[in-house]
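In what follows, a structure is listed as structure tokens, so that the remarks can point back to it.
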Amino acid sequence: MSEVLWDTVIVGGGATGLSAGVVLARAQFATLVVDGGAPRNGRADHMHGYLTRDGMRPSEFVLSGQAELTRYGGTLVRASVTGARRASDGTFELCVDGDRVVRARSVLVATGSADELPDIPGLAERWASEVHHCPHCHGYEVRGRTIAVIGSAMGAVSSHLAALMRRYSSHVTFCVNGIEVSVAERQRLTAYGVRLIDVGVTRVVTSADAAGDHAVTIELDNGAAVRCAAIFVAPRPVPHDAILAALGAARDPVSGLVAVDSGGATSCAGVWAAGNVVNPRAQVIAAAGAGSTAAVSMTGWLLDRELSAAVSAGLLDVRGVN
């Protein structure tokens, strides 16, 4: 694999990476997608908000995308990129699974992000089944039911989430869980019909009532409990951006995320980033669109260099004749 110089290597084979790979492969660029096989939404049963793909299983979506990529001549490798650097000739060398080197003229990082949940026993085990974070992805499916929101380190987002869930149900409880909520925000939430509980959360369990119907129970510090059909919580996003850091991509001073332009280009020439690694809020459809946009930008960059190389070669030929 190290002998091949790929036009582009895409790190990450989710919606972002596969969408970009299809665009680049269709444009006749030698395209390699390296994917570790651990998607952010891998535990979800369905995805929503993607026009014509609503309700599709994430695993089915990925398999369909992989088939499209390979149909257009792209190559997919199941592996992890453990390091990256720029070579002396300006190309990139990516270390794959610790012992192989892949060379590329350009790189797209589409490695996504992880969701850091509050350290509450029972919460992580129910992630993507009874515990969710995105109302736009999962709110409709629990509309009209009893919903609880648990406060997290993402304080302002937690309050917004509690208010937004009220759009889906008239029975919303906001377990503040020790975060700071201003008096004005409390008034707004209460007036909107959200019930606030100022007690810490100790554990989340699944229980059944007398009729045998299962529900989620949030146990509180004071011994009380909140029983609900679904829990929403705002996790802290942790971008998988080690490769971008290794390549020297600059960060946005406000967000701390790697900065990209409208086409997904980073400050490091030849390196792009798209999807949740630079925009943790992007849903699947937005991540796919960002991948496509980045790929179009990359085709222009690669083409420009090929044109310049062709001119240089032509000049050398002319000089050789003279």
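The values are calculated or read from the model by the stated rules, or taken from the named source; none is laboratory data. Treat the numbers as computed from the prediction; the structure is a model and nothing was measured. Note that we place each Cβ from the backbone using ideal geometry, even for glycine, and neighbour counts take in every protein chain shown. These area figures cover heavy atoms from the full protein model, side chains too; ligands, DNA and RNA do not enter into them. Shrake-Rupley method; radii C 1.70, N 1.55, O 1.52, S 1.80 Å.
What about Val77, is it of a type in the set (Val, Ile, Thr), modelled with pLDDT of 95 or more and either part of a strand (DSSP E or B) or under 19 Å from Ile218 (Cα atoms) (or both)? Yes, satisfied.
Results for (1) at pLDDT below 95; (2) basic (Lys, Arg); (3) outside any loop (DSSP other than H, G, I, E, B), shown as yes or no for each residue.
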| site | (1), (2), (3) |
| --- | --- |
| Asp119 | no, no, no |
| Gly122 | no, no, no |
| Ser129 | yes, no, no |
| Cys137 | yes, no, yes |
| Val149 | no, no, yes |
| Ser158 | no, no, yes |
| Ala162 | no, no, yes |
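Going by the structure shown, is Arg145 part of a loop (DSSP other than H, G, I, E, B) and either charged (D, E, K, R) or within 24 Å of the chain's Cα centre (by Cα) (or both)? It is true that Arg145 is part of a loop (DSSP other than H, G, I, E, B) and either charged (D, E, K, R) or within 24 Å of the chain's Cα centre (by Cα) (or both). In the stretch 48-59, the residues that are free of Cβ contacts under 8 Å to residues at least 60 places away in the same chain form Cβ pairs under 9 Å with partners that are assigned to a loop (DSSP other than H, G, I, E, B) and acidic (Asp, Glu), at six or more places apart or across chains, as follows: Arg57/Asp45. The sole residue among Val172, Val181, Val109, Val194 that is under 26 Å from Ala288 (Cα atoms) and of a type in the set (A, V, I, L, M) is Val109.
Per the listing Val9, Val23, Val62, Val101, the residue uniquely among the hydrophobic types (A, V, I, L, M, F, W, C), assigned to a strand (DSSP E or B) and under 20 Å from the mean Cα position of the chain (by Cα) is Val9. The residue list Ala215, Ala287 contains one member that is modelled with pLDDT under 95 and open to solvent by less than 20 Å² (accessible area, probe 1.4 Å), which is Ala215.
Filtering the stretch 101-119 to residues that are within 18 Å of Gly37 (Cα to Cα) and among the charged types (D, E, K, R) leaves only Asp115.
When the residues of the stretch 4-57 are filtered to those that are under 20 Å from Ala114 (Cβ atoms) and of a type in the set (D, E, K, R), the one that is surrounded by the most Cβ atoms within 10 Å (Cβ to Cβ) is Asp35.
Every residue, every condition in (1) surrounded by 20 or more Cβ atoms within 10 Å (Cβ to Cβ); (2) farther than 25 Å from Ala242 by Cβ, yes or no:
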{"residue": "Ser80", "(1), (2)": "no, no"}
{"residue": "Gly112", "(1), (2)": "yes, no"}
{"residue": "Ser129", "(1), (2)": "no, yes"}
{"residue": "Val142", "(1), (2)": "yes, yes"}
{"residue": "Val149", "(1), (2)": "yes, yes"}
{"residue": "His171", "(1), (2)": "no, yes"}
{"residue": "Cys175", "(1), (2)": "yes, yes"}
